[in-house]
Amino acid sequence: VQLQASGGGLVQAGGSLRLSCAASERTFSDYVMGWFRQAPGKEREFVSTISRGTGLETYYADSVKGRFTISRDNVKNTLYLQMYNLKPEDTAVYYCAASAWFGVPTYSAAFAYWGQGTLVTVSS
């Protein structure tokens with residue numbers, strides 16, 4: 001699976017952005033999809049995941065819960081992350097990833113396929 005993330009940019013605190021992740025795989029709906037992020041000098045961390053198929057199950061890191069929404073469009077083979085009320089601490093490179101593991105994992109080791117990342121910078 002090849003993944004291409006886009007939509008990052010510079011935004012002021014309190015602003016919004018929507019990230020997209022286009023997948024090359026026609027069986028996109030068979031994969032659990034996720035977003036992770038890595039801030040400068042920090043380890044990559046979990047942001048959100050969505051279950052395969054219609055995406056009935058979603059999970060969020062506590063730090064983004066209530067501000068971010070993950071969704072998927074299986075016709076367009078695209079994953080989204082809508083981000084509201086952005087904070088300076090959300091500044092990071094955001095990566096989309098795909099997993100064929102059972103269930104809906106929230107740890108990076110379960111994801112075998114990764115996009116190249118898109119930079120989100122939130123100014124105060």
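Please treat every number below as a calculation from the coordinates, not as lab data. The structure displayed is predicted, hence computed values, not measured ones. Glycine gets a Cβ as well: all are built from the backbone with ideal geometry, and neighbour counts include every protein chain shown.
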Relative to the present Cα-Cα distance, how much length would full extension add between residue 116 and residue 42 at 0.36 nm per residue of separation?
24.9 nm
Under 5 Å between amide hydrogens, which residues at least 5 positions from residue 113 or on another chain qualify, with H placed 1.01 Å from N in the peptide plane?
98
Run the dipole for the chain about the Cα centre, Lys and Arg Cβ at +1, Asp and Glu Cβ at -1, nothing else charged, and hand back the magnitude in debye, nearest 20.
160
Just to confirm the filter: which GluC sites (Glu not before Pro) across segment 1-79 are DSSP coil and have at most 14 other Cβ within 10 angstrom of their Cβ?
25, 43, 57
The whole-number value in µm²/s of the Stokes-Einstein translational diffusion coefficient for the chain, with Rh from the Kirkwood sum over alpha carbon pairs at 37 °C and 0.692 mPa s, is 233
Residue by residue through segment 72-77, what is 3J(HN,Hα) from phi via Karplus (6.51 cos²θ - 1.76 cosθ + 1.60, θ = phi - 60°)? Round to whole Hz and write x for glycine and proline.
9, 10, 6, 6, 8, 6
Calc'd 3J(HN,Hα), segment 39-44, phi into Karplus 6.51 cos²θ - 1.76 cosθ + 1.60 (θ = phi - 60°), Hz, glycine/Pro = x, comes to 7, x, x, 10, 7, 5
Projected onto the charge dipole of the chain (+1 at Lys/Arg Cβ, -1 at Asp/Glu Cβ, origin at the Cα centre), which of 51, 111, 3 gives the Cα projection farthest towards the positive end?
3
Between residue 69 and residue 54, 0.36 nm times their residue separation minus their Cα-Cα distance comes to what?
3.9 nm
Among 99, 63, 39, which residue has its Cα furthest toward the positive end of the charge dipole of segment 31-112, with +1 on Lys/Arg Cβ and -1 on Asp/Glu Cβ?
99
Neighbourhood net charge (15 Å Cβ-Cβ; Lys/Arg +1, Asp/Glu -1) for residue 94:
+2
